[in-house]
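Enquirer: Handing you a structure now.
The values are calculated or read from the model by the stated rules, or taken from the named source; none is laboratory data. In this text the structure is predicted, and so the values were computed from the model without any measurement. Here the Cβ positions follow ideal geometry from the backbone for every residue, glycine too, while neighbour counts run over all protein chains shown. Only protein heavy atoms, including side chains, enter the accessible area calculation; ligands, DNA and RNA are left aside. Shrake-Rupley method; radii C 1.70, N 1.55, O 1.52, S 1.80 Å.
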Amino acid sequence: MNFHLQQEIDWRLRVFDSLSFPTLILTPEHTIIAVNQKLQEAYGLPRDELIGKTCRDFFKTFEGNSDLPCTKNICPLDETLKDGMGHSLLRRIQHKDGSEHWEDRVFSPILNDDGEVLYVIESIRDVTRSKALEKDLQDIREFLNRVLQSSASAIVAADREGHVLLMNRAAEELFGYVFQPEEQLNISSLYPPGVAKGIMKKLRDDGYGGPGKLPVTRVNILTALGEQIPVEMTGAIIYEDGRESATMGVYNDLRERLTSEKKLLEAQSQLVQAEKMASLGRLAAGVAHEINNPLTGILLYGNLVKEKIGKDHPLQSNLDFIIEDVERCRDIVKNLLAYSRQSITSRDRFSLNDLVDESLRLIRDQKLFINVTVQKELSQARMPVNADRNNMSQVVIILVMNALDAMNKKGTLTLKTYRDDRQKKGCLEISDTGTGIPEENLSRIFDPFFTTKAPGKGTGLGLSTAYGIVKDNNGEISIKATGPQGTSFLVELPLDLDSLYVDEEMIG
Ligand SMILES: Nc1ncnc2c1ncn2[C@@H]1O[C@H](COP(=O)(O)OP(=O)(O)OP(=O)(O)O)[C@@H](O)[C@H]1O
Ligand SMILES: [Mg+2]
């Protein structure tokens with residue numbers, strides 16, 4: 001052999017032996033014809049014991065019960081023979097002692113000058129470490145996903161073009177989507193028009209919460225069904241190697257909080273209203289008290305003068321006007337005093353049905369009823385209540401007078417009583433066939449001095465007085481219905497059923 005050839009063979013063998021991966025050369029018949037140093041070291045077998053064996057025999061010796069590549073349908077060596085290309089196979093090796101490792105076997109063809117596969121070179125790489133890293137990564141990814149999915153806040157992330165990349169369960173619920181990454185949902189469709197743009201602008205504006213951050217902001221989001229929902233959101237730009245790669249938003253539904261805030265505001269304004277009514281009441285009481293005395297004087301002396309000058313005196317009619325007007329003033333004062341009445345009330349046990357009858361009898365001016373059909377539908381059930389009888393009677397009169405006014409003294413007035421056993425309440429409904437109450441007045445009719453009647457015809461104190469009395473007696477007064485067919489007021493008082501004393505008269 002010439003020297004150069006010898007030299008070449010020598011260095012080629014050395015290269016083969018110096019390869020850092022266990023490597024063997026196989027014939028197309030799967031027979032091992034060469035193994036490198038690394039393989040001998042790795043498997044602790046001398047070259048002589050390996051040459052001439054098939055790869056199958058060799059691996060069987062070392063791999064216990066694990067599957068061999070050649071027992072499977074796909075043998076990468078055959079594949080390489082077939083197409084003359086490189087192939088690889090990733091395998092998990094389970095050792096007899098229970099340990100395991102991962103191997104990546106790479107098969108490359110050695111071709112002759114005609115491009116036919118003469119031999120196949122197989123190198124075995126231990127990829128256990130990278131596999132373990134991959135698994136750690138997978139575990140971390142799964143853990144992060146669980147954190148994300150179990151968050152009570154809705155979380156959405158989108159790429160730089162605005163395509164939604166991620167939506168956690170809370171976000172799917174809030175926005176009403178079943179998120180599918182391939183559906184190409186755009187972040188702008190999660191907001192009413194223009195809102196997404198504004199958020200992006202603020203995100204990039206250093207003036208809001210620092211660069212790449214959006215501090216807590218109130219916006220409306222748009223659900224899949226087109227509903228707008230108020231939310232509180234924060235947002236951030238996600239950077240990768242200093243470059244903007246995605247954006248994310250965290251959303252909290254504000255509906256519940258806004259509803260309770262609204263209720264609180266309403267309660268506050270009701271309190272303010274109640275205080276206003278109370279101070280108006282004190283003012284009214286003061287004024288009424290002061291005016292009452294001079295009015296009594298005017299009336300007394302007016303009547304004296306009227307008697308003195310005789311019927312035929314030319315000033316007689318003027319005096320009549322004076323007296324009439326003073327009487328009207330006295331009535332107003334009386335109403336004011338009733339409105340501002342002290343809340344000391346005397347309680348009585350009586351039947352609601354009796355209240356209806358005696359209140360109607362108390363309306364002195366029976367002329368008012370000439371063209372009115374009064375219909376009484378009184379309950380057969382016992383309806384004992386414990387309340388201020390005189391004041392409650394005043395409530396019935398106020399409601400009846402209003403009803404007569406609304407009907408312009410023509411129509412049907414219905415007084416109905418019934419029991420609400422579930423709520424343990426006695427109910428009295430007073431209905432008319434009058435004009436009804438326009439929607440815009442509904443919130444004001446219980447306000448003191450609210451009237452739609454001509455000046456001198458009404459003070460607007462009737463319903464506010466009735467309201468105060470019913471409340472003082474632990475009851476409720478409300479408009480049950482109103483419209484062009486008429487109006488129906490409902491007064492509810494707690495039934496006094498627990499009392500041991502059963503008044504026979506109250507039955508029926
Ligand atoms: N049954 C009803 N049908 C239609 N409107 C009504 C009825 N009851 C009350 N209203 C409306 O509510 C307003 C307030 O009633 P309220 O009894 O407080 O005062 P008023 O009747 O106007 O004056 P007054 O102090 O003389 O009673 C009335 O002016 C009227 O517009
Ligand atoms: Mg009235």
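Enquirer: Using only alpha carbon pairs under 8 Å that are at least six residues apart, calculate the relative contact order of segment 348-506 and give it in whole percent.
Expert: Working: 292 pairs, mean separation 39.7, N = 159.
Averaging sequence separation for qualifying contacts and normalising by length gives 25 percent for segment 348-506.
Enquirer: Please name whichever of Val15, Thr482, Leu137 sits farthest to the positive end of the charge dipole of the chain, dipole taken about the Cα centre and charges placed at Cβ: Lys and Arg +1, Asp and Glu -1.
Expert: Thr482
Enquirer: Turning to a different aspect of this structure: Using a simple charge model, +1 on the beta-carbon of Lys and Arg, -1 on the beta-carbon of Asp and Glu, nothing else, what dipole does segment 258-339 show about its Cα centre, in debye to the nearest 20? Before the final figure, lay out the partial values.
Expert: Values: 10 positive and 11 negative charges, 38 e Å.
With Lys and Arg at +1 and Asp and Glu at -1, about 180 debye.
Enquirer: With a probe of 1.4 Å, find how much accessible area segment 151-253 has per residue, and write the answer as a whole number in Å². Before the final figure, lay out the partial values.
Expert: Working: 5750 Å² over 103 residues.
Each residue of segment 151-253 exposes 56 Å² on average to a 1.4 Å probe.
Enquirer: Another question about this same structure. Would you work out if segment 422-485 is rounded, prolate or oblate? Take a ≥ b ≥ c from the square roots of the eigenvalues of the alpha-carbon gyration tensor; rounded if a/c is under 1.5, else prolate when a/b is larger than b/c, oblate otherwise. If you can, show how the numbers build up before the last one.
Expert: Numbers: a/c = 2.30, a/b = 1.35, b/c = 1.70.
Since a/c reaches 1.5 but b/c is at least a/b, the shape of segment 422-485 is classed as oblate.
Enquirer: Tally up the carbon and sulfur contribution to the accessible surface of segment 3-127 as a whole percent, 1.4 Å probe, everything protein left in place.
Expert: On the way: 3940 of 7600 Å².
Looking at segment 3-127 in its full context, I get 52 percent from C and S.
Enquirer: Further, regarding this structure: Quote the relative contact order of segment 258-339 in percent (integer), defining contacts as alpha-carbon pairs under 8 Å separated by 6+ residues.
Expert: Details: 29 pairs, mean separation 34.1, N = 82.
After rounding, I find 42 percent.
Enquirer: For segment 249-289, count the residues as N, evaluate 2.2 N^0.38 Å, and divide the Cα radius of gyration by that value, please. List each step's numbers first, then the result.
Expert: Working: Rg = 18.6 Å, N = 41, 2.2 N^0.38 = 9.0 Å.
Cα Rg divided by the expected 2.2 N^0.38 Å: 2.06.
Enquirer: Now for a separate question. Using the heavy atoms of the protein chains and a 1.4 angstrom probe, tell me the accessible area per residue for segment 3-127 in square angstrom. Please report the intermediate quantities before stating the final value.
Expert: Details: 7600 Å² over 125 residues.
That works out to 61 Å² for each residue.
Enquirer: Around Leu378, which amide H atoms from residues at least 5 apart in sequence, or from another chain, sit under 5 Å from its own amide H, with H modelled in the peptide plane?
Expert: Thr417
Enquirer: Starting from one equal scatterer on each C-alpha and no solvent at all, send me the Debye-based log10 I(q)/I(0) for segment 3-127 at q = 0.11, 0.12 Å⁻¹, two decimals.
Expert: -0.39, -0.46
Enquirer: Starting at the first residue of segment 195-205, write each ³J(HN,Hα) from the Karplus equation 6.51 cos²θ - 1.76 cosθ + 1.60 with θ = phi - 60°, in whole Hz, x for Gly and Pro.
Expert: 5, 4, 4, x, 5, 4, 5, 5, 4, 8, 8
Enquirer: Read phi for every residue in segment 278-290 and hand back ³J(HN,Hα) as whole Hz from Karplus 6.51 cos²θ - 1.76 cosθ + 1.60, θ = phi - 60°, with x for Gly and Pro.
Expert: So the Karplus estimates, Gly and Pro as x, are 5, 6, 4, x, 5, 4, 4, 4, x, 4, 4, 4, 5 Hz.
Enquirer: Averaging sequence separations of C-alpha pairs under 8 Å and six or more residues apart, then dividing by the length of the chain, give the relative contact order as a whole percent.
Expert: Working: 783 pairs, mean separation 35.6, N = 508.
Contact order relative to length: 7 percent.
Enquirer: Next question. Compute the projected area of the convex hull of the Cα atoms of segment 151-253, averaged over all viewing directions, and report it in nm² to one decimal place.
Expert: For the Cα atoms of segment 151-253, the hull's average projected area reads 6.3 nm².
Enquirer: Starting from the 7 Å offset along Cα-to-Cβ, what nm value, one decimal, do you get for the label separation of Glu377 and Asn252?
Expert: 5.2
Enquirer: How many Å² of accessible area per residue for segment 354-508, probe 1.4 Å?
Expert: Numbers: 8080 Å² over 155 residues.
Result: 52 Å² of accessible area for each residue.
Enquirer: Suppose every Lys and Arg Cβ carries +1 and every Asp and Glu Cβ carries -1, with no other charges. What dipole size does the chain come out with about its Cα centre, to the nearest 20 debye? Can you show the working numbers first?
Expert: Working: 61 positive and 75 negative charges, 524 e Å.
Around 2520 debye, computed over the chain.
Enquirer: With the radius of gyration and the Kirkwood radius both derived from the Cα set of the chain, what is their ratio Rg to Rh? Mind showing how you got there, number by number?
Expert: Working: Rg = 48.9 Å, Rh = 33.9 Å.
Rounded to two decimals, Rg/Rh equals 1.44.
Enquirer: Follow-up. Taking only DSSP H segments of four or more residues, each worth -39500 (n - 2.57), what value at 222 nm results for the chain once the sum is divided by all its residues, to the nearest 500 deg cm²/dmol? Before the final figure, lay out the partial values.
Expert: Numbers: 13 runs with 202 residues, N = 508.
Result for the chain: -13000 deg cm²/dmol, rounded to the nearest 500.
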